[in-house]
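Taking it in order: structure first as C-alpha cells, then the write-up.
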Amino acid sequence: MSAPHPPPHDRPDDARVLLVLSNLPDHDSAAALASALVEARLVACVNVLAPCTSVYRWQGVVETASEVPVLMKTTLARYAALEAAIRARHPYELPEIVAVPVEHGLPAYLAWVADETAG
C-alpha cells in the first residue's frame with residue numbers, strides 16, 4: 001500500500017497544482033500544443049474541448065471567433081516554463097493564458113499531476 005499523499009495545502013508551494021486555460025483557433029493546433037506540452041512534462045494532462053464561440057474586443061473592434069478551449073494541469077514550479085512554451089507555439093499575437101490555483105482536489109490526482117510534471 002502506498003503512503004498517503006499530503007493534502008494540497010501541505011505541499012511545498014512549487015508543487016501546488018494549477019489549472020491553466022487557453023483557447024486555440026482549431027482542433028489541430030490545440031491537439032499539437034497539447035501533445036508538445038505533455039511530451040515536455042510541462043503539464044500532466046490537457047483536455048481539448050469542443051469548439052466554442054468567443055466574443056471579445058480586439059484593437060477596438062468587437063470580434064466573434066470559433067475557438068477550441070484547452071484545460072491544462074500543471075504545478076506552480078512548471079508554470080513559467082509552460083507559459084513560455086505556450087507563447088512560443090501559440091498562433092495568436094496575444095494568447096489567453098490564465099492560471100487558477102487548485103484549492104481542493106483528490107489528493108492522489110494532485111500528486112499525480114506533481115509527479116508527471118516533476119521531470
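Determine, for each peptide in 105-112, 92-99, the mean count of other beta carbons within 10 angstrom over its residues, then list the peptides with the highest first.
105-112, 92-99
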If GLU39, GLU116 are placed from fewest to most neighbouring beta carbons inside 10 Å, the sequence is GLU39, GLU116
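Please rank HIS27, HIS90, fewest neighbouring Cβ atoms within 10 Å first, as an exposure proxy.
Details: HIS27 13, HIS90 18.
Fewest to most other Cβ atoms nearby, the residues stand as HIS27, HIS90.
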Out of residues 5 or more away from LEU24 or on other chains, whose amide H comes under 5 Å of its own, with H placed 1.01 Å from N in the peptide plane? VAL68, VAL70
If a helix is a whole DSSP H run, which ones in the chain reach 15 Å or further along their own axis (Cα) and hold a mean Kyte-Doolittle hydropathy of at least -0.5? 27-39, 76-89
Give me the distance between the Cα centres of segment 62-93 and segment 11-38, rounded to whole Å. 6
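We did not get these values from a lab; they are worked out from the coordinates using the rules stated. Everything numeric in this text was worked out from a predicted model, so none of it was measured. Reconstructed Cβ throughout: ideal geometry from the backbone, glycine too, with neighbour counts over all protein chains shown.
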